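Contents: one structure, followed by commentary.
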Amino acid sequence: QVQLVESGGGLVQAGGSLRLSCAASGRTFASYYMGWFRQAPGKEREFVGLITWSGGSTNYANSVKGRFTISRDNAKNTGYLQMNSLKPEDTAVYYCAAGRRLAVVAGSYDYWGQGTQVTVSS
């Protein structure tokens with residue numbers, strides 16, 4: 001069992017940066033892949049990026065590639081989403097998730113955080 005809690009969301013102007021954190025409980029966090037997703041009002045939840053259990057490999061959606069960076073510190077049971085050059089279209093609730101499979105589909109993840117709101121003003 002893994003419990004996830006996101007933090008770090010907020011209001012930022014376009015071009016600004018935010019760093020989201022995903023704190024995990026449970027000693028098995030290091031064995032899970034970690035994904036980040038987001039959901040804007042009226043839209044489906046979409047894949048943002050993922051990181052392998054070791055942190056050695058990442059994958060990003062084209063819409064955030066080059067602007068967002070995912071990392072993790074297994075010793076601290078924490079994952080991170082660094083978001084730079086934010087755009088108004090990045091406004092959404094951001095979720096972290098943990099799963100046993102390397103996937104870009106939300107349904108493949110077993111555990112989810114409660115989400116944190118990110119709002120980017122123009």
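Kindly indicate the residue of the stretch 20-42 that is polar (S, T, N, Q) and under 24 Å from VAL120 (Cα atoms) and also most open to solvent (accessible area, probe 1.4 Å) among those meeting that condition. Show your work before the answer.
Start the filter on the stretch 20-42 by keeping residues that are polar (S, T, N, Q), which leaves 21, 25, 28, 31, 39.
Next, from what is left, pick out any that are under 24 Å from VAL120 (Cα atoms): 21, 39.
Working: SER21: 29, GLN39: 60 Å².
Filtering first and then ranking leaves GLN39.
Within the stretch 1-19, if we keep just the residues that are of a type outside the set (S, T, N, Q) and in contact with a Gly (Cβ under 7 Å, 6 or more places away or on another chain), the residue that is surrounded by the most Cβ atoms within 10 Å (Cβ to Cβ) turns out to be LEU4. Remark: TRP36 falls outside the filter, which requires a residue to be touching a helix residue (DSSP H, G or I) at 6+ places or on another chain (Cβ under 7 Å) and of a type in the set (A, V, I, L, M, F, W, C).
Open to solvent by less than 60 Å² (accessible area, probe 1.4 Å) and of a type in the set (Lys, Arg): which single residue out of ARG72, ARG100, ARG45 fits that description? Going through ARG72, ARG100, ARG45 in turn, just one is open to solvent by less than 60 Å² (accessible area, probe 1.4 Å) and of a type in the set (Lys, Arg): ARG72.
Is it the case that some residue within the stretch 12-23 is small (Gly, Ala, Ser), over 17 Å from GLY115 (Cβ atoms) and under 16 Å from the mean Cα position of the chain (by Cα)? There is at least one residue in the stretch 12-23 that is small (Gly, Ala, Ser), over 17 Å from GLY115 (Cβ atoms) and under 16 Å from the mean Cα position of the chain (by Cα).
The one condition from (1) at pLDDT 95 or above; (2) touching a Ser or Thr at 6+ places or on another chain (Cβ under 8 Å); (3) surrounded by 15 or more Cβ atoms within 10 Å (Cβ to Cβ); (4) of a type outside the set (A, V, I, L, M) that PRO88 does not meet is (3).
Looking at GLN82, GLN114, just one residue is loosely packed, with under 14 Cβ neighbours inside 10 Å, under 12 Å from the mean Cα position of the chain (by Cα) and closer than 19 Å to ARG19 by Cα, and that residue is GLN114.
If the condition is being at pLDDT 95 or above, of a type in the set (Val, Ile, Thr) and within 23 Å of TYR33 (Cα to Cα), then the stretch 91-117 contributes VAL93, THR116.
Which one is farthest from GLY49 (Cα to Cα) among residues in the stretch 3-26 that are among the hydroxyl-bearing types (Ser, Thr, Tyr) and assigned to a strand (DSSP E or B)? My answer is SER25.
The values are calculated or read from the model by the stated rules, or taken from the named source; none is laboratory data. Just so we're clear, the structure is a prediction, and the values are computed from it rather than from any experiment. Counting neighbours? That spans all protein chains shown, and the Cβs are built from the backbone with ideal geometry, glycine included. When the accessible area is computed, the model is the full protein with side chains, heavy atoms only, and any ligands, DNA or RNA have been set aside. Shrake-Rupley method; radii C 1.70, N 1.55, O 1.52, S 1.80 Å.
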